[in-house]
Amino acid sequence: MSDQDFLIFTDAACERIRSFIEEDPAEGLAVRVSVQNASPIAPEYEMALIEPFEREAKDQSFDAPGFEVVVDAGSADILEGTRIDWVESLQGSGFHFNNPNIQPLGSKPLDGPLVDRVRRVIDEQINPGVASHGGTVRLVDVRDNVVYVTMGGGCQGCGMASVTLTQGIKQMIRDAAPEIVDVQDVTDHAAGSNPYYA
């Protein structure tokens with residue numbers, strides 16, 4: 001993969017980065033791009049202007065249009081092929097990362113014996129239990145022996161959702177599939193309102 005393909009900066013991103021560099025009085029600045037958390041839920045990317053003394057021996061560097069890019073060794077494989085854009089919208093402005101190496105939860109078909117066992121527990125044990133409170137649990141993904149679920153209906157926004165997850169859902173799933181190391185709730189509980197416990 002060539003330097004131009006390792007990280008792909010749009011014209012808008014290049015223009016913005018060059019303006020940040022021009023505003024800074026320091027000499028020899030480069031842009032460090034890294035991934036602090038490669039979670040499929042919410043990867044955390046970081047970009048910062050760095051001076052020459054902030055570089056590390058294992059860093060990789062390459063030229064982008066009008067500036068130098070530095071990537072730490074731990075982020076290189078995860079970032080390869082990522083497209084970086086500068087986006088301005090009503091919600092604000094900032095850099096947007098489109099990373100083909102991090103697949104969002106639920107982006108792949110859910111199948112296989114482990115998924116079938118987890119789905120059966122959710123359908124036959126968990127959902128009948130939370131239905132009495134108007135709730136529902138949906139399987140979103142299973143990756144690296146971690147189950148990702150969302151909680152809806154009366155469970156979304158419920159103050160007891162974390163208790164239901166830790167004392168009920170996790171235990172039932174682990175009983176049926178001991179190889180599961182964790183169950184994570186990826187629900188946006190702030191968007192829900194719960195009439196049952198309100």
### Query
How about segment 83-99: which of its residues are in a loop (DSSP other than H, G, I, E, B) and either touching a helix residue (DSSP H, G or I) at 6+ places or on another chain (Cβ under 9 Å) or not assigned by TED's automatic domain parsing to the domain that holds L7 (or both)?
N99
### Message
From the list V142, V186, V146, exactly one residue is at pLDDT 85 or above, under 30 Å from A76 (Cα atoms) and surrounded by 15 or more Cβ atoms within 10 Å (Cβ to Cβ). Which is it?
### Response
V142
### Task
Within segment 71-89, identify whether any single residue is within 24 Å of the chain's Cα centre (by Cα), more than 25 Å from R143 (Cβ to Cβ), hydroxyl-bearing (S, T, Y) and at pLDDT below 90, and answer yes or no.
yes
#### Entry: Boolean, V35 is modelled with pLDDT of 90 or more, among the β-branched types (V, I, T) and under 22 Å from P100 (Cβ atoms)
no
## Note on the structure
Within segment 45-71, the residues that are in contact with a Lys or Arg (Cβ under 7 Å, 6 or more places away or on another chain) and either outside the structural domain of C14 (by TED's automatic domain parsing) or not in a strand (DSSP E or B) (or both) are G66
### Task
Return a yes/no flag: does segment 59-81 have any residue that is within 23 Å of N37 (Cβ to Cβ) and of a type in the set (F, W, Y).
no
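The values are calculated or read from the model by the stated rules, or taken from the named source; none is laboratory data. All of these numbers come straight from a predicted model, not from anything done at the bench. Note that each Cβ is placed from the backbone with ideal geometry, even for glycine, and that neighbours are counted across all protein chains shown.
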